[in-house]
2 protein chains.
Amino acid sequence: MRQPDHPAIDTVQLTEVLAALADPVRLALVATLADGGARSCGEFDLPVAKSTLSHHMKVLREAGILTSRVEGTRCFVTLRSELEDRFPGLLDRVLALAAPPAEG
Amino acid sequence: MRQPDHPAIDTVQLTEVLAALADPVRLALVATLADGGARSCGEFDLPVAKSTLSHHMKVLREAGILTSRVEGTRCFVTLRSELEDRFPGLLDRVLALAAPPAEG
DNA sequence: TTTCATGTTTGTCGAACATCGAACATGGGT
DNA sequence: ACCCATGTTCGATGTTCGACAAACATGAAA
């Protein structure tokens with residue numbers, strides 16, 4: 001597996017980021033990564049086929065939201081820290097609001 | 001013209017709001033309303049046909065982002081203040097980041 | 001009532017999207 | 001070399017989106 005390309009963070013548009021986050025599967029995916037840790041793609045427990053998951057990863061990567069790193073036969077993803085430089089506070093806010101109510 | 005329906009703010013989903021904002025025309029539209037004032041639909045200077053504009057208004061209304069009020073033959077729109085209750089800080093953050101660089 | 005202004009609704013189009021399964025590519029183990 | 005695990009890419013399918021023009025609805029003005 002070749003290392004995937006990541007766009008220069010300056011070229012990422014706000015509407016592109018919003019569109020990437022405007023999907024339940026992708027938002028759940030990003031929320032899982034919110035602790036800053038890395039995950040292999042297979043670790044996500046989402047109700048989609050692996051090809052679909054791969055697609056969503058690509059959308060998030062191209063929106064500058066996460067980075068992929070290939071290691072052996074696995075692919076680790078992390079939130080892309082530069083997104084905070086480009087759109088300060090955006091992801092934090094969205095993730096805070098996307099978080100489960102956490103009451104009771 | 002009948003008064004348009006607005007969804008109960010509790011029923012609005014975050015992904016729906018994000019999707020509504022993830023379009024350049026709609027984002028520009030919302031940014032114009034950011035001063036809190038009302039505008040009639042015709043006041044917006046956007047490069048789309050009026051039917052298209054009407055469609056975008058509908059999307060924003062159904063996402064709980066703005067309210068429409070019909071007055072005579074005109075239709076006034078405003079940002080919907082309850083959105084702030086539902087998703088605190090979201091619109092502020094997005095609009096701050098969408099704002100023109102304002103340099104020079 | 002006829003006309004005009006302002007929006008909305010409807011129908012249509014092509015583009016983009018979400019999803020899947022199948023096929024493929026790659027690397028690690030045995 | 002062979003097999004398995006892990007992802008990616010491809011092709012197909014159905015849905016949604018954004019755009020427009022045309023038709024409609026409504027209210028105000030003449």
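The values are calculated or read from the model by the stated rules, or taken from the named source; none is laboratory data. What you see is a predicted model; the values in this text were computed from it and never measured. Here the Cβ is made from the backbone with ideal geometry for all residues, glycine too, and neighbour counts use every protein chain on show.
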If I filter the range B:24-52 down to residues being modelled with pLDDT of 95 or more and near DNA strand D (Cβ under 8 Å from one of its atoms), which single residue comes out as nearest to the chain's Cα centre (by Cα)?
B:Arg26
Can you find a residue that is surrounded by 18 or more Cβ atoms within 10 Å (Cβ to Cβ) and more than 12 Å from every other protein chain (Cβ to nearest Cβ) anywhere in the range A:4-23?
no
Hits in the range B:1-23 - residues which are more than 13 Å from DNA strand D (Cβ to nearest atom) and among the aliphatic types (A, V, I, L, M)
B:Ala8, B:Ile9, B:Val12, B:Leu14
Only one of these is surrounded by 12 or more Cβ atoms within 10 Å (Cβ to Cβ), within 14 Å of chain B (Cβ to nearest Cβ) and of a type in the set (Lys, Arg): A:Arg69, A:Arg39, A:Arg26. Name it.
A:Arg26
Can you go through B:Pro101, B:Pro7 and tell me which one is at pLDDT 95 or above and assigned to a loop (DSSP other than H, G, I, E, B)?
B:Pro7
Does the range B:76-85 hold any residues that are over 13 Å from the mean Cα position of the chain (by Cα) and buried (at least 18 other Cβ atoms within 10 Å of the Cβ), and which are they?
none
So, first residue within 20 Å of A:Glu16 (Cβ to Cβ) in the range B:3-26, second residue of a type in the set (Lys, Arg), Cβ within less than 7 Å, six or more apart or across chains; the pairs are B:Ala20/B:Arg26
Sort out which residues of the range A:30-65 are in contact with a Lys or Arg (Cβ under 7 Å, 6 or more places away or on another chain), near DNA strand C (Cβ under 7 Å from one of its atoms) and more than 16 Å from A:Val17 (Cα to Cα), and write them in order of number.
none
How many residues are closer than 14 Å to A:Ile9 by Cα and either touching a His at 6+ places or on another chain (Cβ under 6 Å) or outside any loop (DSSP other than H, G, I, E, B) (or both) if we restrict to the range A:60-90?
11
